[in-house]
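Structure first, commentary second.
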Amino acid sequence: MSSDEDEVVRKPRNDDMRKRALRNGNAGKKKKVVKKKKKLANENLQGASGGYAWEDEIKRSWDLVAVEDEGDMATLVASIVEARKKRAAKSDVTPYQRGIIRTLILTIDSSEAMLEKDLRPNRHAMIIQQAIDFVHEFFDQNPISQMGIVTMRNGLAQLVSQVSGNPQDHIDALKSIRKQEPKGNPSLQNALEMARGLLLPVPAHCTREVLIVFGSLSSNDPGDIHQTIASLVQEQIRVKVLGLSAEVAICKELCKQTNMGDTSFYQVLLDETHLKKLFDEAVTPLPVNKINRGFTLVKMGFPTRIFEEQPTFCACHAKLIYGGYFCPNCNSKVCSLPTVCPCCDLMLILSTHLARSFHHLMPLKTFVEVPAAESFPTENCYSCQMKFPIIKSQKSNQMLTSSRYRCEECKNDYCIDCDVFIHESLHTCPGCESKATII
């Protein structure tokens, strides 16, 4: 082989040199990128003090709360709590003609959508607990009303509790379905048809209502749901829907058609506090409108309790019990009141039940907040006899609020806790009730 040929073999070609240069250049770029990433990672690990981030002092979210110049943190928290209680004490005090004898069908969604965990521990568990609290509150504020419970599960409507006025039966039924796992899709039409069937035998002087807790975004119905809505309107059944997800068009149409075009009966919750508020709103009876016309007189029975030495059968459960209440119309024995006589369909109640329902017709007026001043006639709450709290500004040493709420009728002052209790539970002013009456 000649020297020229050796020279040709030994010398690399220009293409090979370009490829090597490109490889070396790419390798250099990759090394620079890796070094840059490592540097950024080390910077992320560094804390404010120069060491690692986990070596820094813990910064909690509540440490960043800025306090106004008018007071300290305790004053700020106290004012926030009092403002929240003020909102709770304020309610609609306009006297309306309301249907205090109610029949309500509580319909709960038990589909797969109730497994979502936006409510803790999940939607199903939260709604069942809120429903139990709602049953307690409903019968406390509406003792002469009745309720039934229906669930939507696996495309079917299932009757959980029959229509009755015994709250313990409904609570036991709700506790029994707490262990059931939500399954399938809901059927709004099937639930409405079952609720319609339960409300058909209800007397005309009772209001017919359906409260639906709907967590899904769709409804799998076997037929035309608009025909079902039309039948609900014809039979004067009013529907309210509490949505757990986004707004659903058919739910809005349902509430609009059954409530004379009012769409406010369809609400989508924001959080757990809002859910409790929506349930509390459903406790108050609805005002009488063109759909539910009022009745002047309703026949009722006021039986007395009789004790027996030997057990006899009751007409409501066909069980042997000692004593009970005997219907003044047909002399049938029932276990508890209030209820409807199973023989003559006469509503049997006590006078206390009627008195507890009267506050819906004549609600207690809202107490007026007393302006802040240097001195007050009294230092203690008229109801609980506790001293009124003093909330002052640290900077100006002036009283921010009097923490006193006065009844305009008896001129007595109450603290915010008693104000909330009087308007939410008692519904009568202790000062007005303790006035001496001239007979």
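Laboratory data are not the source of any read-out in this text; all were calculated from the coordinates shown. Since the structure is predicted, the reported quantities are computational estimates derived from the model, not experimental observations. Cβ sites come from the backbone with ideal geometry, for glycine too, and all protein chains shown count toward neighbours.
A Förster radius of 45 Å, combined with the Cβ-Cβ distance separating Val368 from Tyr322, puts the computed FRET efficiency at roughly 0.30. Under the simplified labelling scheme, the Met386-Gln129 pair shows an inter-label distance of 2.5 nm, with each label point 7 Å from Cα along Cα→Cβ. With a/c under 1.5 counting as rounded, go ahead and sort segment 204-270 into rounded, prolate or oblate using the C-alpha gyration tensor (a ≥ b ≥ c being the square roots of the eigenvalues; past the cut-off, prolate if a/b is larger than b/c, else oblate). The shape class here is oblate.
Between Leu354 and Tyr96, full extension at 0.36 nm per residue minus the direct alpha carbon distance yields a gain of 91.2 nm. Structure note, pairs Lys252/Lys365; Lys179/Lys319; Lys256/Lys299; Lys252/Lys276; Lys299/Lys319; Lys179/Lys276: Cα-Cα distances above 24 angstrom occur for Lys252/Lys365; Lys179/Lys319; Lys256/Lys299; Lys299/Lys319. Computed from label points 7 Å out along Cα-Cβ, the spacing between Asp262 and Asn331 is 4.6 nm.
May I ask you to compute the full-extension gain from Leu217 to Gln162, defined as 0.36 nm times their residue separation minus their alpha-carbon distance, rounded to one decimal in nm? Don't skip to the end; give the middle numbers.
Details: separation 55, 0.36 × 55 = 19.80 nm, distance 2.77 nm.
Taking Leu217 through Gln162 to full extension adds about 17.0 nm, to one decimal.
In terms of packing, defined here as the mean over residues of other Cβ atoms within 10 angstrom, the peptides 303-315, 356-368, 134-146, 185-197 line up highest first as 185-197, 134-146, 356-368, 303-315. Distance between the pseudo-spin-label points of Asp345 and Ser434 (7 Å out from Cα toward the beta carbon): 4.8 nm. Distance from the C-alpha centroid of segment 323-352 to that of segment 116-130: 38 Å, rounded to the whole angstrom.
By how many nm would the segment from Val298 to Lys277 lengthen if fully extended, with 0.36 nm per residue of separation less the alpha-carbon distance? Provide the component values of the computation, followed by the final result.
Details: separation 21, 0.36 × 21 = 7.56 nm, distance 3.20 nm.
Difference between extended and current length: 4.4 nm.
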